[in-house]
Amino acid sequence: NHAEMYRPTPWTSMYLYGGGKESEAHLPNLRRLATIMQAKAQEFSDFDFRLSVDEGGTHSEAYWRREFPKAMKWLFFSGRDDIQHY
């Protein structure tokens, strides 16, 4: 599995977003990936990870447009002290 082999470079942040209605397999796959990335965040102190899920979200720009400002704020405008390891 490529995700399990992933080694983050220093000061890497990853924000994953998914909707519960994107496809039948999407959310279970996203959650499996999130579990792997959460373990990476525990292993690498300078790797920050956040998962955001909209249970009613579909695979569409309307949902991504609502999530984009949240992702940008977390990725680029929050201090490292404010970042939560999810």
Item to check | Ser78 vs. criteria open to solvent by less than 50 Å² (accessible area, probe 1.4 Å), without any contact (Cβ under 8 Å) to a residue 24 or more places away in the chain and among the polar types (S, T, N, Q) | outcome: yes
Checklist outcome for this item: Flagged in segment 50-75 as farther than 20 Å from Thr12 by Cα and open to solvent by 100 Å² or more (accessible area, probe 1.4 Å), in numbering order, are Glu55, His59, Glu61, Arg65, Arg66
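So that you can scan it fast, the table gives a plain yes or no per residue for (1) modelled with pLDDT under 95; (2) more than 20 Å from Lys73 (Cβ to Cβ); (3) open to solvent by 40 Å² or more (accessible area, probe 1.4 Å); (4) assigned to a helix (DSSP H, G or I):
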| position | (1), (2), (3), (4) |
| --- | --- |
| Pro10 | yes, yes, yes, no |
| Ser23 | yes, yes, yes, no |
| Arg32 | no, yes, yes, yes |
| Thr35 | no, yes, yes, yes |
| Ala39 | no, yes, yes, yes |
| Asp48 | yes, no, no, no |
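The values are calculated or read from the model by the stated rules, or taken from the named source; none is laboratory data. This is a predicted model, so every value here is computed, not measured. All Cβ positions, even for glycine, are placed from backbone atoms using ideal geometry, and neighbour counts span all protein chains on display. Areas reflect the complete protein model, heavy atoms only, side chains present, ligands, DNA and RNA absent. Shrake-Rupley method; radii C 1.70, N 1.55, O 1.52, S 1.80 Å.
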